[in-house]
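Following: one structure in structure tokens, then a few remarks.
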Amino acid sequence: MAQVVKSIKGVHDVLPENVHLWHFLESTVRDVMSSYGYSEIRTPILEKSELFHRSIGDVTDIVEKEMYSFEDRNGDKLSLRPENTASCVRAAIQHGLLTNQQMHRLWYLGPQFRRENPQRGRYRQFWQVGAEVYGIAGPYIESELILLSAKLWQKLGLAEHVRLQINSLGSKEDRDQYRSVLVEYLNDNVTDLDEDSKRRLKTNPLRVLDTKNPAMANVVAAAPSVLDHLCDESREHFEGLQASLKECGVPFEINTRLVRGLDYYSHTVFEWVTDQLGAQGTVCAGGRYDSLTEQLGAKLTPGVGWALGMERLLALIEDIGQAPEVPQPDVYFVLAGNDAIVSGLGLAEEIRLAEPTWSVVTNCAGAGMKSQFKRADKSGAAVALVIGEGEMAEGTVSVKLLREQTEQQTVPRAQLMSVLRGIIG
Ligand code: ATP
Ligand code: MG
């Protein structure tokens with residue numbers, strides 16, 4: 001036999017036994033986004049590589065070593081999107097959304113691609129939900145975005161299991177000043193830096209603070225704090241955020257080491273973290289990116305947003321036992337012979353028409369009655385409807401409750417719906 005083809009490393013199938021969890025998350029996201037007046041946007045998975053080089057930054061892990069990029073047959077350089085913020089801004093510029101007040105609050109959901117080292121909570125294809133807002137400066141829209149995410153945790157039963165961390169990176173000038181102080185400190189401690197950090201020290205020193213290497217914990221902990229280098233305006237912005245979060249009852253911690261891995265952030269950055277997922281503990285991350293529209297060739301327009309990792313969130317939902325039940329059929333048809341199968345197909349259509357929310361399954365395979373009953377039982381259905389030779393001849397259907405010990409009853413077809421409604425409700 002020919003060898004079986006399997007999926008590639010770090011990408012996953014979502015199997016039928018798990019898809020209800022995704023539906024649960026997706027429908028919760030849709031409801032919450034709509035209750036905050038956010039509109040969905042769907043951008044392409046494939047974009048010009050240039051989009052990510054110009055937005056995320058050339059000296060970030062994503063662009064340096066994680067993007068799936070290739071040359072198209074005509075020589076165009078293309079990439080699978082590693083994140084969705086750049087595409088949203090690109091689409092907003094391209095379609096004039098930045099000037100349309102009604103289109104300033106967007107959300108998206110979709111797969112992203114990064115060539116990372118696969119492990120629990122870290123995949124090469126992973127799904128994100130994100131929210132983005134354009135055209136609004138100041139801290140209050142940041143609070144709204146954080147409140148929106150907090151509402152999601154509440155609806156998903158996760159509110160007790162995630163913590164909010166915030167920080168400010170200040171303005172570009174603040175960051176330039178902080179960078180030189182940080183570089184001086186890191187140079188003084190260069191013997192304690194790992195290879196990655198030595199490299200970052202030269203290319204993008206703030207990102208040394210973003211290291212995931214535990215051996216670097218001490219040197220990072222003792223580094224100067226960005227908050228000591230904010231100008232008055234930046235400090236006011238950050239204080240405004242904190243005051244409004246307090247007013248709205250959202251607890252937070254300040255984490256001065258939070259710098260985020262992407263280049264386009266300024267002022268507020270934040271992460272929602274959990275202690276329940278081991279090393280991959282950040283479930284949602286975001287911040288303000290006022291310079292991004294300019295970087296992508298448009299007029300400077302404030303921007304702020306976040307993205308959450310759906311796999312990490314689903315792992316959390318499963319781990320702490322808030323997962324919804326696997327949906328099961330209501331009715332399963334057990335059909336003896338071809339005439340009964342055809343008759344059952346018609347009757348199933350009538351039931352679906354009368355009760356569109358019920359799930360009705362017909363066994364079209366024509367197996368023996370015993371094995372069909374086994375399948376009916378395994379399907380989790382509440383009721384088996386049986387059409388055999390006798391039922392065909394008399395125009396009846398036999399109704400068997402699969403979850404209760406009762407006798408099978410045979411009813412005329414005209415009475416079937418009222419009997420079923422009595423059982424299924
Ligand atoms: P991390 O620090 O965990 O690598 P990040 O800073 O690269 O995350 P972002 O680009 O901000 O992550 O993406 C937002 C969220 O998307 C993350 O907080 C995480 O929940 C999720 N995420 C990011 N990369 C992956 C991945 N490779 N696999 C699964 N989820 C991911
Ligand atoms: Mg990362």
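Each reported figure results from applying straightforward, stated rules to the coordinates on display, with no laboratory input. Please read all numbers here as calculations on a predicted model, not as lab measurements. Cβ coordinates were reconstructed from backbone atoms using ideal geometry, including for glycine residues, and neighbour counts include every protein chain displayed.
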Just round it to a whole percent: the fraction of Cα-Cα distances in region 1-123 exceeding 19 Å.
-> 62
For region 159-256 the trypsin sites (Lys or Arg not before Pro) that pass both the DSSP coil test and the at-most-14 other-Cβ-within-10 Å test are Lys212
Value at 222 nm in deg cm²/dmol, rounded to 500, when DSSP H runs of n ≥ 4 in the chain each add -39,500 (n - 2.57) = -11500 deg cm²/dmol
Mark the label point 7 Å from the Cα of Leu402 along Cα→Cβ and return the residues of region 343-383 whose backbone N is within less than 13 Å of it.
-> 359-364, 371-383
Simple SL model, points at 7 angstrom along Cα→Cβ for His95 and Trp358; separation in nm is 4.1
Per-residue HN-Hα couplings for region 12-23, Karplus 6.51 cos²θ - 1.76 cosθ + 1.60 at θ = phi - 60°, whole Hz, x for Gly and Pro?
-> 9, 7, 9, 7, x, 5, 10, 5, 5, 5, 5, 4
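According to the square roots a ≥ b ≥ c of the eigenvalues of the Cα gyration tensor, what is the shape class of region 160-216, taking rounded for a/c under 1.5, prolate for a/b larger than b/c otherwise, and oblate for the remainder?
Details: a/c = 2.58, a/b = 1.20, b/c = 2.14.
Oblate.
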Whole-number value, in Å³ per residue, for the convex hull of the alpha carbons of region 156-275 is 115
At the level of C-alpha centres, the distance separating region 140-202 and region 75-136, in angstrom, is 20
extent check for region 274-351: Cα max minus min per principal axis, descending, whole Å, gives 69, 37, 17
Measuring from the longest principal axis of the C-alpha atoms of the chain, the long axis of helix 310-319 (C-alpha) lies at a number of degrees, nearest 10, equal to 60
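Please identify every one of the trypsin sites (Lys or Arg not before Pro) in region 266-362 that sits in a loop by DSSP and has no more than 10 other beta carbons within 10 Å of its own beta carbon. Could the numbers behind the result be given before it?
Working: sites: Arg288, Lys299, Arg312, Arg352; in loops: Lys299.
Counting only loop positions with at most 10 other Cβ atoms within 10 Å, the trypsin sites (Lys or Arg not before Pro) in region 266-362 are Lys299.
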Loop sites in region 291-380: chymotrypsin sites (Phe, Trp or Tyr not before Pro), DSSP, at most 15 other Cβ within 10 Å = none
Based only on the alpha carbon positions, what is the Kirkwood hydrodynamic radius of the chain, in angstrom?
-> 25.1
For region 71-180, what is the largest minus smallest coordinate of the Cα atoms on each principal axis, given in angstrom and ordered from greatest to least?
-> 48, 41, 38
Residues with amide H under 5 Å of Val11's amide H, sequence separation 5 or more or different chain, H placed in the peptide plane at 1.01 Å from N; which?
-> Arg124, Gln125
In nm, to one decimal, how far is the Glu64 label point from the Asp319 one, both placed 7 Å along Cα→Cβ?
-> 2.8
Can you give the angle from 0 to 90° between the axis of helix 172-188 and the longest principal axis of the chain, with both taken from C-alpha atoms, to the nearest 10?
-> 80
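Compute the Cα gyration tensor for region 354-423, then decide on rounded, prolate or oblate, letting a ≥ b ≥ c be the square roots of its eigenvalues: rounded whenever a/c is under 1.5, prolate when a/b is larger than b/c in the other cases, and oblate in all that remain.
rounded
Rounded if a/c is under 1.5, else prolate if a/b beats b/c, else oblate: with a ≥ b ≥ c from the C-alpha gyration tensor eigenvalues square-rooted, which is region 228-290? Intermediate results must be reported in sequence, preceding the final value.
Values: a/c = 2.20, a/b = 1.34, b/c = 1.64.
Taking the square roots of the gyration eigenvalues as a ≥ b ≥ c, region 228-290 is oblate.
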DSSP loop GluC sites (Glu not before Pro) with at most 12 other Cβ within 10 Å excluded, longest remaining stretch of the chain = 1-324
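Using only Cα atoms, what is the ratio of the radius of gyration of region 26-75 to 2.2 N^0.38 Å? Spell out each step's value before the answer.
Working: Rg = 16.0 Å, N = 50, 2.2 N^0.38 = 9.7 Å.
Compactness ratio reported: 1.65.
In debye, nearest 20: dipole of the chain around its Cα centre with unit charges on the Cβ of K, R (+) and D, E (-)? Kindly include the intermediate steps, with their values, before the conclusion.
Working: 45 positive and 57 negative charges, 152 e Å.
With only Lys, Arg, Asp and Glu charged at Cβ, the dipole is about 720 debye.
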Those lysines that a straight Cα-Cα span of less than 27 Å connects to Lys202, excepting residues fewer than 8 apart in one chain | Lys65, Lys172, Lys212
At a Cα cut-off below 16 Å, give the lysines reachable from Lys374, other chains included and same-chain residues fewer than 8 away excluded.
-> Lys400
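So what's the net charge close to Trp306: Lys and Arg +1, Asp and Glu -1, counting the other residues with Cβ under 12 Å from its Cβ?
On the way: positive: Arg260, Arg288; negative: Glu83, Glu132, Glu142, Glu144, Glu271.
Residues close to Trp306 contribute a combined charge of -3.
Given a Förster radius of 51 Å and the C-beta distance between Asn213 and Lys378 as r, what FRET efficiency does 1/(1 + (r/R0)^6) yield to the nearest 0.05?
E between Asn213 and Lys378, to the nearest 0.05, is 0.55.
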So if we plug the beta-carbon distance of Gln328 and Ile254 into 1/(1 + (r/R0)^6) with R0 = 45 Å, what FRET efficiency do we get, rounded to 0.05?
-> 0.45
Report, in degrees rounded to the nearest 10, the 0 to 90 angle that the Cα long axis of helix 413-424 makes with the longest principal axis of the chain.
-> 40
Per the Kirkwood formula over distinct C-alpha pairs, the hydrodynamic radius of region 120-221 in angstrom is 17.0
Rounded to the nearest 0.05, what FRET efficiency do Glu294 and Ala365 give with R0 = 41 Å and r taken as the Cβ-Cβ distance? Could you check?
-> 0.10
